[in-house]
Amino acid sequence: MAKKLLPQERDQALQSLPEWRHDEADQCISREFRFRDFSQAFGFMARVALLAEKAGHHPDWSNSYNRVRISLTTHDAGGLSQKDVDLAGSIDGLLPASVEIPSAG
C-alpha cells in the first residue's frame, strides 16, 4: 500500500511538476493538456493508458475534442502519494513541447 505524502514531501515533489496543480479538497494533482485536434489528444491518451497500466496506477481523466484533463490521487493512501508524482512525471515525459498547445491565460 502506498503512503500518503506529508505536506512538505508533497510541496517538494510538486516543484519538479510545475504544470500540475494541487487540489487540497480533492487530494489530487491535475493538469490539462491541449492539442491541435482530437486525433492527437486521443493518441496521447493511448500512450498515457499504456504507462498507467504498466505502473498499475490509473488516472481519473476526461477528454473533450482537443483537451485532456488528468487527475491523479492514490485512493488507498487517502491522497497524494509517490505513485502519483511518478506517473505525472512519466506523463510529462511523453509530450514534446512542440505537440501541446499552450493554454490561454
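The values are calculated or read from the model by the stated rules, or taken from the named source; none is laboratory data. Because the structure is a prediction, the values reported are computed rather than measured. All Cβ positions, glycine included, derive from the backbone under ideal geometry; neighbour counts span all protein chains shown. These area figures cover heavy atoms from the full protein model, side chains too; ligands, DNA and RNA do not enter into them. Shrake-Rupley method; radii C 1.70, N 1.55, O 1.52, S 1.80 Å.
Just the accessible area for Val85, please: 1.4 Å probe, Å², rounded to the nearest 10?
10
Using DSSP to define loop residues, name the chymotrypsin sites (Phe, Trp or Tyr not before Pro) in region 11-91 whose beta-carbon has at most 14 other beta-carbon atoms within 10 Å. Don't skip to the end; give the middle numbers.
Working: sites: Trp20, Phe33, Phe35, Phe38, Phe42, Phe44, Trp61, Tyr65; in loops: Trp20, Phe35, Tyr65.
The qualifying sites are Tyr65.
How many nm is it between the label spots at Asp60 and Leu94, if each spot is 7 Å from the Cα in line with the beta carbon?
1.9
In whole percent, what relative contact order does region 1-70 give with Cα contacts below 8 Å and a gap of six or more residues?
RCO, region 1-70: 29 percent.
Tell me which trypsin sites (Lys or Arg not before Pro) from the chain have a DSSP coil assignment and no more than 16 other beta carbons within 10 Å of their own.
Counting only loop positions with at most 16 other Cβ atoms within 10 Å, the trypsin sites (Lys or Arg not before Pro) in the chain are Lys3, Arg36.
Filter the GluC sites (Glu not before Pro) in region 21-73 down to the DSSP loop ones having no more than 15 other Cβ atoms within 10 Å, then list what survives.
Hits after loop and neighbour filter: Glu24.
Which of the lysines could a cross-linker bridge to Lys54, judged by Cα under 18 Å and excluding same-chain residues fewer than eight apart?
Lys83
Based on a Kirkwood Rh over C-alpha pairs, give the Stokes-Einstein translational diffusion coefficient of the chain at 37 °C and viscosity 0.692 mPa s in µm²/s.
234
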